[in-house]
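*Asks:* One structure is given below, represented as C-alpha cells, and several questions about it will come after.
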Amino acid sequence: MQCHSTQHALWAGTDHALANRPVASAAVEAAFTAQKSIADGGSAFDLAWNNGRPSMTPPATADSPTGALSPDLILGHLPIWQPLIPAGGGRWQPTDLAYDPVKKDWFNIFAQENRRQGEWGHWTGRGMNWNSMCAHCHMTGYQKNYDAASDSYKSTWVEHGVGCIQCHGPTADAHVAPSFQAKRPAAPYFGDRQKMMHTCAPCHARNEQLTANFQPGDNYHDHYRVTLPTEAAVFYPDGQQRDEDFNWTSVLTSRMGHAGVTCLDCHDPHSNKTILPTSDNSLCLQCHAAPGRPQPNGTRAPVIDPLGHSRHAAGSTGNQCVSCHMPTTTYMQRSPRHDHGWLRPDPLMTKELGIPNACNRCHIEKDTDWAIKITDEWYGASLNSLQRARTRAIASAQANQPGAPAALLVELAREEVPAWRATLLDLLIPFERTAPVIAVAQTALTARDPLERAAAVRLLNGHAPSQDRLRALLQDPVRLVRLDAAWALSAELPADSASRRELDAYFALSLDQPGGQLRLGQDFANRRQYPAAEKAMQLAAQWDPHSPGIYEALGFVHNAQGAAQPAAAAFFRSSQLQPNDAPAAYRAALAFSEARQPADAEMAFRQAIQRDPRFDRAWYNLGLLLAQTNRLPASIDALRKAEALAPASPDYPYALATVLLRSGDRAGAQAAARRTLALDPSRTDARQLLAAP
C-alpha cells in the first residue's frame with residue numbers, strides 16, 4: 001500500500017480483497033440482525049448477534065439435537081457471501097443459506113433442491129468443505145495440509161482474500177532488501193500475457209488440482225486439469241457453459257483465445273472491472289474497429305460495425321456485442337456470469353438439441369422458429385459454420401449414436417483450436433478404437449498443446465501397440481501429460497521411479513474427497529492390489545453413499561477377488577442410484593446370475609428392459625434365464641424379441657433354436673438354426689443341431 005497506493009486503492013473493496021474475511025464488521029452484524037430466522041430450500045436457521053459474534057441455530061430434531069453454531073469467517077463478497085462454520089478436525093463449512101448484501105436478504109444457494117444431511121453435497125458434507133473446495137481460491141498462500149490418518153486438516157494461509165503475492169509471487173524479501181531501489185526485481189511473468197493469464201486461470205476455471213504448489217508464472221497445465229466440454233450436464237455441446245464452469249475453458253475453446261486474447265486485454269486485474277465499457281461496445285471495438293487490432297498469433301480481428309451487424313438500434317441492449325456473444329447464466333441463484341466462448345447465437349441448435357440461444361434469451365415472447373427465421377434472413381449461410389458441425393458431432397457422441405466416431409474424426413481433421421481437439425479426442429474414448437481413431441490419437445501424442453497430448457494418452461490407454469509411445473511421454477515437459485501417461489502405465493511403474501512418486505503425490509492431494517479415494521482404489525486395482533482397492537473404495541462409498549460410479553467400481557473389485565455376492569450387491573446399488581440407466585441394471589443382472597441368485601437376476605434383467613425396451617442383449621439373457629428355469633414359452637418370446645431387435649446377431653437365433661427344440665418344435669428349431677448359419681457359417685453348434693436326428 002505504501003509503494004503502490006494506486007493499485008491498492010483499486011484493489012481494496014473488490015471481490016478479490018474480500019474473498020474471505022473474519023466476521024467482525026458492521027456489515028456482518030447488520031446481516032445477522034436484519035431478521036430473526038430464515039428458512040429456504042429445506043434449510044433453516046435462527047439468526048442472532050451476541051457479544052460481538054454471530055450465531056446460527058438450526059432446528060433440533062430427534063436424530064440431530066443441536067445448539068447454536070458460531071460462524072467465525074465469511075466466504076465471498078458480491079453478489080453473495082456465506083457464513084463459515086467451524087466443524088471439528090480443522091474444518092470450515094459454508095452454509096447453504098447465504099446473504100445477498102445488495103438485496104439485503106437471505107436465501108438458499110441450491111434453491112429448492114432440499115439437500116439432505118449425509119449427502120456429499122449437503123452444506124455439512126465434504127462437497128461443501130471450505131478447506132478442500134473453496135479456500136485455495138479465496139485465500140492467499142493457502143495450504144490445505146490434510147492428514148489422511150486422522151481425517152483432519154491443519155490448513156495454513158498468509159492472509160485472507162486474494163492479496164498481492166497470490167498473483168505476483170512471494171516477492172517480499174526482494175522488496176525490503178537494501179538494494180531494492182537500485183535493482184527492482186520483475187515478476188517472473190512480467191510482459192508475458194499468456195503466463196499472466198495462467199495465473200488467473202486456477203481460480204477462474206472448473207478444474208482439478210494436480211499439485212498444491214502453483215506459483216505465479218508457472219504453466220497452468222503443470223498444476224491443474226481443466227474441465228473440457230465433454231459432458232452434457234457440464235457444458236452444452238456447442239461449448240456454452242451449463243453448470244458452474246467459470247470462464248477458463250470457454251476462453252481456451254474460443255477463437256479469440258486461440259488468437260491470443262487474454263484476460264488482461266479486457267479486465268483490470270486490480271479493480272476487477274473491464275478496462276473499457278461494454279455498454280457502447282468500446283471494449284470489443286478496441287480490436288474490432290478498423291483497421292482491426294493485430295493479435296499475438298499474427299491474425300487481425302475482423303472489423304465489425306455494431307449497427308450493421310446486430311441489426312438493433314444504437315444504445316439498445318441488442319446492439320451490445322456482449323448481449324449476443326457473451327450471454328449470462330445465473331449460478332447460486334444470485335450470481336449472473338457472462339459466457340466467455342464468444343460463440344455465434346444459433347437458434348437452429350436450440351430446435352435440434354435444446355441449446356440456449358441469445359436471441360430467445362432476450363426475446364422471451366418469441367419462439368425458436370421466429371429466431372431461426374430472423375437469423376437466416378440476416379446472416380444466411382454464415383451460420384452453417386464449423387461451430388454448428390462440431391456441435392452436432394459432439395451431441396451425437398454424447399448420445400452414443402452409431403455415426404458419432406466418424407463425425408468426430410471429420411471435425412478433428414479440420415479443427416484448429418487445441419482445446420476443442422482435446423475434447424473431440426476425449427469423446428472418442430467410449431467408442432471402438434478403429435484404425436483411423438488410433439492413427440489420429442498416435443499423431444496427437446506429439447501435438448504442440450499439452451491438452452491434446454494428454455487427451456491422446458487417455459484415448460490410447462490400454463492399447464497395447466501404443467504402450468511404447470506412452471512410455472516416452474513419462475518424460476513429457478508438462479505434468480498433466482506425464483500424469484496421464486503414468487496412470488495408463490501404472491501397473492508397470494517401479495515403486496521408486498520418479499513417475500510413480502509423482503503419481504502418488506497426485507493421489508495424495510485429494511484423499512479427503514470420495515473421488516480421491518476412488519481414484520486411489522482404481523490405481524490399486526490396476527496393480528492387482530485388490531484388498532487395498534476395496535478399502536479405499538469402501539471409504540469413498542461411506543463418504544458419498546449416493547454416487548453410482550463408486551459402487552460400480554467396487555463391484556468390479558469384488559468380482560476380481562471372486563466375491564460374487566458382494567459384487568452383485570454393489571452393482572445393484574449402482575443401478576438403483578441411476579434409475580434410468582439400462583446398462584447399469586444389466587450389469588447388476590449379470591452379477592446376480594454369477595452369484596447364483598436367479599430371482600434377483602430376472603428382476604434386474606426386467607429392470608434393464610423396462611428402462612430400454614430395445615436392449616436386445618437384456619432380452620437375450622432374460623430368455624436364457626427363463627429357459628434355465630423351464631419357463632419355455634416366456635423364454636421363446638424373449639429370444640424372439642432379441643432377434644427382432646438385432647437380426648445381425650447369430651447368438652439370438654441359435655439360443656432360440658435350442659429352446660424351440662426343447663419345447664418340441666423341431667421345425668421351428670431348424671429354421672432358427674438355418675438363420676444362425678446364414679449369419680455365421682462357422683457355427684458348428686447350429687450345424688450339429690440341424691444334423692441331429
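*Asks:* Which residues, counting only those in the range 257-288, are aliphatic (A, V, I, L, M) and modelled with pLDDT of 95 or more? Quick ask: steps written out before the conclusion?
*Replies:* First pass over the range 257-288, keeping only residues aliphatic (A, V, I, L, M): 259, 261, 264, 275-276, 283, 285.
Ile275, Leu276, Leu283, Leu285, listed by residue number.
*Asks:* Another question about this same structure. When residues of the range 210-241 are filtered for being within 25 Å of Thr330 (Cα to Cα) and either buried (at least 18 other Cβ atoms within 10 Å of the Cβ) or in contact with a helix residue (DSSP H, G or I) (Cβ under 8 Å, 6 or more places away or on another chain) (or both), how many remain?
*Replies:* Within the range 210-241, the subset within 25 Å of Thr330 (Cα to Cα) is 225-241.
Restricting the remaining residues to those that are either buried (at least 18 other Cβ atoms within 10 Å of the Cβ) or in contact with a helix residue (DSSP H, G or I) (Cβ under 8 Å, 6 or more places away or on another chain) (or both) gives 225-232, 235-241.
So the count comes out to 15.
*Asks:* Assess whether Ala371 counts as being within 20 Å of the chain's Cα centre (by Cα), surrounded by 19 or more Cβ atoms within 10 Å (Cβ to Cβ) and not in a loop (DSSP other than H, G, I, E, B). Explain how you work it out, then say what you get.
*Replies:* Values: within 20 Å of the chain's Cα centre (by Cα): no; surrounded by 19 or more Cβ atoms within 10 Å (Cβ to Cβ): yes; not in a loop (DSSP other than H, G, I, E, B): yes.
Spelling it out, it is not the case that Ala371 is within 20 Å of the chain's Cα centre (by Cα), surrounded by 19 or more Cβ atoms within 10 Å (Cβ to Cβ) and not in a loop (DSSP other than H, G, I, E, B).
*Asks:* Right, something else. Here's a check for you: in the range 234-252, which residue that is within 15 Å of the chain's Cα centre (by Cα) and part of a helix (DSSP H, G or I) is farthest from Leu348 (Cα to Cα)? Full working, then the answer.
*Replies:* So in the range 234-252, the residues within 15 Å of the chain's Cα centre (by Cα) come out as 234-237, 239-250.
After this cut, where a residue has to be part of a helix (DSSP H, G or I) as well, the list is 248-250.
Details: Trp248: 26, Thr249: 24, Ser250: 21 Å.
So, considering only residues that are within 15 Å of the chain's Cα centre (by Cα) and part of a helix (DSSP H, G or I), the one farthest from Leu348 (Cα to Cα) is Trp248.
*Asks:* Scan the range 245-282 for residues that are without any contact (Cβ under 8 Å) to a residue 40 or more places away in the chain, of a type in the set (A, V, I, L, M, F, W, C) and surrounded by fewer than 16 Cβ atoms within 10 Å (Cβ to Cβ) and jot them down.
*Replies:* The answer is Ile275, Leu276.
*Asks:* Just name the residue that is farthest from Thr230 (Cα to Cα) out of those in the range 443-453 that are buried (at least 21 other Cβ atoms within 10 Å of the Cβ) and without any contact (Cβ under 8 Å) to a residue 40 or more places away in the chain.
*Replies:* The initial filter retains those residues of the range 443-453 that are buried (at least 21 other Cβ atoms within 10 Å of the Cβ), namely 444-445, 450-453.
If we keep only those that are without any contact (Cβ under 8 Å) to a residue 40 or more places away in the chain as well, we get 444-445, 452-453.
Values: Ala444: 18, Leu445: 19, Glu452: 14, Arg453: 16 Å.
Filtering the range 443-453 for residues that are buried (at least 21 other Cβ atoms within 10 Å of the Cβ) and without any contact (Cβ under 8 Å) to a residue 40 or more places away in the chain, the one farthest from Thr230 (Cα to Cα) comes out as Leu445.
*Asks:* Okay, moving on. Being of a type outside the set (Asp, Glu), under 24 Å from Cys134 (Cβ atoms) and in contact (Cβ under 8 Å) with a residue 40 or more places away in the chain is the filter here, so list the residues in the range 1-24 that pass it. Steps first, answer last, please.
*Replies:* Of the range 1-24, the ones of a type outside the set (Asp, Glu) are 1-14, 16-24.
From what is left, the residues that are under 24 Å from Cys134 (Cβ atoms) are 11-14, 16-24.
Answer for the range 1-24, where residues must be of a type outside the set (Asp, Glu), under 24 Å from Cys134 (Cβ atoms) and in contact (Cβ under 8 Å) with a residue 40 or more places away in the chain: Trp11, Thr14, His16, Ala17, Leu18, Ala19, Asn20, Arg21, Pro22, Val23.
*Asks:* Going by what's in this entry, would Ser396 be described as surrounded by fewer than 18 Cβ atoms within 10 Å (Cβ to Cβ) and over 22 Å from Leu470 (Cα atoms)? Write out each step before concluding.
*Replies:* Details: surrounded by fewer than 18 Cβ atoms within 10 Å (Cβ to Cβ): no; over 22 Å from Leu470 (Cα atoms): yes.
Criteria not met by Ser396.
*Asks:* Here's another thing I want to ask about it. Does Gly217 satisfy the condition of being under 15 Å from Val478 (Cα atoms) and of a type in the set (Gly, Ala, Ser)?
*Replies:* Working: under 15 Å from Val478 (Cα atoms): yes; of a type in the set (Gly, Ala, Ser): yes.
Yes, satisfied.
*Asks:* With the checklist (1) touching a residue at least 60 places away in the same chain (Cβ under 8 Å); (2) buried (at least 21 other Cβ atoms within 10 Å of the Cβ); (3) under 23 Å from Ala149 (Cα atoms) in hand, flag the one item Ala505 doesn't pass.
*Replies:* Here Ala505 clears every test but (2).
*Asks:* Among the listed residues Arg479, Arg458, identify the single one that is surrounded by 17 or more Cβ atoms within 10 Å (Cβ to Cβ) and closer than 22 Å to Phe235 by Cα. Give the steps one after another, and end with the answer.
*Replies:* On the way: Arg479 fails: closer than 22 Å to Phe235 by Cα.
Only one candidate qualifies: Arg458.
*Asks:* Which one of these is of a type outside the set (Val, Ile, Thr), touching a strand residue (DSSP E or B) at 6+ places or on another chain (Cβ under 7 Å) and modelled with pLDDT under 95: Asp72, Asp40?
*Replies:* Numbers: Asp40 fails: modelled with pLDDT under 95.
Answer to the selection: Asp72.
*Asks:* Of all residues in the range 102-161, count the ones that are small (Gly, Ala, Ser), out of contact with any Asp or Glu (no Cβ under 9 Å at 6 or more places or on another chain) and without any contact (Cβ under 8 Å) to a residue 60 or more places away in the chain.
*Replies:* Summing the residues that are small (Gly, Ala, Ser), out of contact with any Asp or Glu (no Cβ under 9 Å at 6 or more places or on another chain) and without any contact (Cβ under 8 Å) to a residue 60 or more places away in the chain in the range 102-161 gives 1.
*Asks:* Read through the list (1) aliphatic (A, V, I, L, M); (2) surrounded by fewer than 21 Cβ atoms within 10 Å (Cβ to Cβ); (3) touching a residue at least 24 places away in the same chain (Cβ under 8 Å), then give the number of the only condition that Leu84 fails.
*Replies:* Result: Leu84 fails condition (2) only.
*Asks:* Also: Which of the residues belonging to the range 523-547 are crowded, with 19+ Cβ neighbours inside 10 Å and closer than 30 Å to Pro477 by Cα?
*Replies:* Those that are crowded, with 19+ Cβ neighbours inside 10 Å and closer than 30 Å to Pro477 by Cα: Asp523, Phe524, Ala525.
*Asks:* For the range 254-354, please list each of the helices (runs of 4 or more DSSP H) lying entirely inside it that holds at least 1 residues being within 24 Å of the chain's Cα centre (by Cα). Can you show your working first?
*Replies:* Details: elements: 255-259, 282-288, 306-310, 321-325, 347-353.
In the range 254-354, 255-259, 321-325, 347-353 are the helices (runs of 4 or more DSSP H) which contain 1 or more residues that are within 24 Å of the chain's Cα centre (by Cα).
Each row is one residue, and each column tells you yes or no for (1) at negative phi; (2) assigned to a strand (DSSP E or B).
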{"position": "Leu10", "(1), (2)": "yes, no"}
{"position": "Gly13", "(1), (2)": "no, no"}
{"position": "Ala27", "(1), (2)": "yes, no"}
{"position": "Phe45", "(1), (2)": "yes, yes"}
{"position": "Ser55", "(1), (2)": "yes, yes"}
{"position": "His77", "(1), (2)": "yes, no"}
{"position": "Gly90", "(1), (2)": "no, no"}
{"position": "Gln93", "(1), (2)": "yes, yes"}
{"position": "Tyr99", "(1), (2)": "yes, yes"}
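The values are calculated or read from the model by the stated rules, or taken from the named source; none is laboratory data. Quick caveat, the model's predicted, so the values are computed rather than measured. Cβ sites come from the backbone with ideal geometry, for glycine too, and all protein chains shown count toward neighbours.
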